[in-house]
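First up is the structure itself, then whatever we jot down about it.
The values are calculated or read from the model by the stated rules, or taken from the named source; none is laboratory data. Computed from a prediction, not measured in an experiment: that's the story for all the values here. Cβ atoms come from the backbone with ideal geometry, glycine included; neighbour counts cover every protein chain shown.
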Amino acid sequence: MEDQLLNLVMYAVPSLIVGSVAFLFFREHIQNEDDRRKFIIHKQLQKESLPQRLQAYERLSLFLERINPNRLILRINPGASNKNDYEMLLINNIEQEFNHNLAQQIYVSDNCWSVINASKSATVQLIRKISMSDKIDSAEKLREAIITEMMDKAAPSNAGLSYIKKEVSELW
């Protein structure tokens, strides 16, 4: 009986070892194949989505250029001489541009979208702050004050443009 048990163990142990090694090998092979397929699918999706992402960055760059206070006041002439009406016209134009580009946020990072949002808010805040001055009593004086203010410092939208350029450079 002991001989039979010993023979059984002598044949079973090598079989169990070979079976275990084969199982581990095939499990690893299947995992590698799954990872390879996922990588190929990811690369394919990335290749297909890259043009859309680049287009989103282009549109958001254009948005930031259009809300640059210097370009904004050159593009939008006051309809009347009332400074409050002109202030609202500028701000409404910024909001309209922003709403037109809302869908682009799905193609850019959350940080990038936050920077763009902050650039827009800072531009609106800059216009409101300048308009609050008691020295400004007409739309034309508001335009002049914005131009004067922007001579001394960079536009809030420049930070957003810099961030977009940085993020696009990381795509390559």
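Couple of notes before you dig in:
- Of the residues contained in segment 12-27, one or more are found to be part of a helix (DSSP H, G or I) and either modelled with pLDDT of 95 or more or basic (Lys, Arg) (or both).
Okay, residues lined up against (1) touching a helix residue (DSSP H, G or I) at 6+ places or on another chain (Cβ under 8 Å); (2) under 22 Å from TRP172 (Cα atoms):
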residue: PHE39; (1), (2): no, yes
residue: GLN44; (1), (2): no, yes
residue: GLU48; (1), (2): no, yes
residue: ILE76; (1), (2): yes, no
residue: MET88; (1), (2): no, no
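- Number of residues in segment 60-107 that are at pLDDT 95 or above and not in a helix (DSSP H, G or I): the value is 3.
- Pairs meeting the criteria (first residue in segment 138-157 and free of Cβ contacts under 8 Å to residues at least 24 places away in the same chain, second residue assigned to a helix (DSSP H, G or I) and surrounded by 17 or more Cβ atoms within 10 Å (Cβ to Cβ), beta carbons under 7 Å, at least 6 apart or on different chains) are ALA145/ILE130.
- Qualifying residue in segment 43-57 (condition: within 30 Å of ARG128 (Cα to Cα), not β-branched (Val, Ile, Thr) and not in a helix (DSSP H, G or I)): no
- All conditions but one from (1) over 19 Å from ARG53 (Cβ atoms); (2) touching an Asp or Glu at 6+ places or on another chain (Cβ under 9 Å) apply to ASN99; the one that does not is (2).
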